[in-house]
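Below is one structure, written out as structure tokens; comments come after it.
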Amino acid sequence: MHVRIALPVLAAAGALLACGPAASDSTAPQAASAAISGAAVARGNAGGNKTVTVMDQNLYVGTDVEAFLSAPPELLPVLAAQAWATLQLTDFPERAEAIADQVAATRPVAIGLQEAALWRTESPPDAYLGAPPDAQEVAYDFLAILLAALADRGLRYDLAAVVENADLELTVPVSLEPLELLDLRITDRDAILVRRDVQWSNASAGHFDATVPIVIGDPAAPVLAFDYVRGWTGVDVKYEGEWFRFLNTHLEAFVPAVRLAQAGELVDLVEASPLPVVAVGDFNAQPGSAPYVELTSVLADAWVESGAEGPGYTCCSNDPLLRDTASPPFDERIDLVLFTPPFVALDATVVGDEPADLTATGMWPSDHAGVVAKLRYVEPRFYALQP
């Protein structure tokens with residue numbers, strides 16, 4: 001998510017906001033056995049060098065959420081109204097079609113997703129009365145929408161792991177004359193999809209200890225105060241007879257010290273894994289930054305190690321409506337595929353960053369481009385012989 005919304009001229013008043021604690025640290029929406037098939041279990045060419053393709057994609061929540069977190073209370077209804085309008089204009093069902101096309105072209109074994117939002121509504125509203133987030137009427141479930149778009153292309157992926165992070169509910173003025181209100185709830189999620197013909201197990205998820213405290217209004221008597229949490233998901237994947245740990249995350253975007261601390265926590269997860277690790281995510285860390293240095297102390301960068309051509313920029317569209325399409329707006333490389341031995345990187349490609357990738361009505365598929373990497377698993381006894 002990125003702060004970039006321009007405020008419209010609207011008249012509204014009141015603090016119409018509620019926030020609740022993040023969900024449980026461990027969520028596996030399907031039993032791992034559901035992803036196992038006879039084809040997946042077959043060992044195949046065990047003992048040789050094997051290749052695996054993985055993907056990372058930030059989906060873009062569809063509107064600006066962070067603007068709420070620094071806004072004065074009197075502007076919250078204004079921002080809420082614009083967020084609801086922008087969410088509908090950025091039409092995730094349409095964008096999911098373009099993202100699914102990228103998956104169809106590359107057929108990754110595992111996909112890490114960030115900002116896999118769940119938007120819900122409630123009427124009559126109660127957030128303005130101080131109720132915790134409780135809206136249940138689904139407006140947009142990004143994971144369900146994307147999985148359906150994949151299925152339409154004959155691509156079967158399982159939702160292997162998901163973590164719920166920030167959970168925010170606001171009362172939105174959808175009409176001023178007459179006044180009509182509803183609650184709009186955003187639950188930020190990160191998730192892992194695994195191709196259905198691939199065996200997986202040990203799905204897990206958690207939140208980082210390092211968080212950002214958010215206070216809206218007078219600190220002595222805030223309208224809202226909570227910790228903005230971010231998390232990670234993980235799953236063990238068996239492909240061509242070899243197991244590896246696949247991790248996915250979205251590190252803090254705006255507070256460098258918290259982002260660095262979260263990178264350190266992710267390094268701890270990598271070092272604790274008994275399996276080789278592939279870690280993907282929106283790390284909000286450009287090469288050379290302190291979090292990047294921390295991460296690459298134990299992980300290699302597929303873009304660098306594969307010798308990929310070009311800068312590999314993945315971030316970001318600066319138009320909340322995703323229509324800054326005169327030329328690709330991406331000018332940062334913060335979405336990464338990282339890995340440990342005995343993997344080596346064969347190739348890395350940015351996807352969703354060219355005019356040919358635009359949706360039917362001319363939007364970027366997301367405010368981030370995706371990254372697809374092809375890695376080779378090298379028999380450990382031969383790894384030291386790699387150039």
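Considering every residue within segment 77-91, establish whether at least one is in contact with an Asp or Glu (Cβ under 7 Å, 6 or more places away or on another chain), surrounded by 18 or more Cβ atoms within 10 Å (Cβ to Cβ) and part of a strand (DSSP E or B).
no
Based on what the data block shows, is ASP236 over 19 Å from ALA261 (Cα atoms), part of a strand (DSSP E or B) and not polar (S, T, N, Q)? Walk me through how you get there before you give the answer.
Numbers: over 19 Å from ALA261 (Cα atoms): yes; part of a strand (DSSP E or B): yes; not polar (S, T, N, Q): yes.
Judged against the criteria, ASP236 is a match.
Would you confirm whether or not segment 245-257 contains a residue that is polar (S, T, N, Q), touching a helix residue (DSSP H, G or I) at 6+ places or on another chain (Cβ under 9 Å) and surrounded by fewer than 23 Cβ atoms within 10 Å (Cβ to Cβ)? Break it down into steps so the answer makes sense when it comes.
Initially, segment 245-257 is screened for residues polar (S, T, N, Q), giving 248-249.
Now restrict to residues that are touching a helix residue (DSSP H, G or I) at 6+ places or on another chain (Cβ under 9 Å): 249.
Next cut, surrounded by fewer than 23 Cβ atoms within 10 Å (Cβ to Cβ) only: none.
Taking every residue of segment 245-257 in turn, none turns out to be polar (S, T, N, Q), touching a helix residue (DSSP H, G or I) at 6+ places or on another chain (Cβ under 9 Å) and surrounded by fewer than 23 Cβ atoms within 10 Å (Cβ to Cβ).
Are any residues in segment 51-97 modelled with pLDDT under 95, of a type in the set (Val, Ile, Thr) and touching a strand residue (DSSP E or B) at 6+ places or on another chain (Cβ under 8 Å), and if so, which ones?
Scanning segment 51-97 gives a single hit, VAL65.
How many of the residues in segment 114-151 are over 20 Å from the mean Cα position of the chain (by Cα), surrounded by fewer than 16 Cβ atoms within 10 Å (Cβ to Cβ) and assigned to a strand (DSSP E or B)?
Final tally of qualifying residues: 1.
Quick one: how many residues across segment 208-233 are modelled with pLDDT under 85, in a loop (DSSP other than H, G, I, E, B) and not aliphatic (A, V, I, L, M)?
Of the residues in that region, 4 qualify.
Only one of these is touching a residue at least 12 places away in the same chain (Cβ under 8 Å), outside any loop (DSSP other than H, G, I, E, B) and either more than 18 Å from PRO108 (Cβ to Cβ) or touching a strand residue (DSSP E or B) at 6+ places or on another chain (Cβ under 6 Å) (or both): ALA253, ALA308, ALA263. Name it.
Matching residue, one of ALA253, ALA308, ALA263: ALA263.
Regarding ARG189, is this residue outside any strand (DSSP E or B) and crowded, with 17+ Cβ neighbours inside 10 Å? I'd like the intermediate steps shown before the answer.
On the way: outside any strand (DSSP E or B): no; crowded, with 17+ Cβ neighbours inside 10 Å: yes.
No, not satisfied.
Considering (1) at pLDDT 95 or above; (2) in a loop (DSSP other than H, G, I, E, B); (3) of a type in the set (Val, Ile, Thr), say which one VAL372 fails and leave the rest.
The single condition VAL372 does not satisfy is (2).
Say we look at segment 194-207 and pick out the residues that are in contact with a strand residue (DSSP E or B) (Cβ under 9 Å, 6 or more places away or on another chain) and assigned to a loop (DSSP other than H, G, I, E, B); which of these is nearest to VAL109 (Cα to Cα)?
VAL198
The values are calculated or read from the model by the stated rules, or taken from the named source; none is laboratory data. Quick caveat: nothing in here was measured; it's all calculated off a predicted structure. Here the Cβ is made from the backbone with ideal geometry for all residues, glycine too, and neighbour counts use every protein chain on show.
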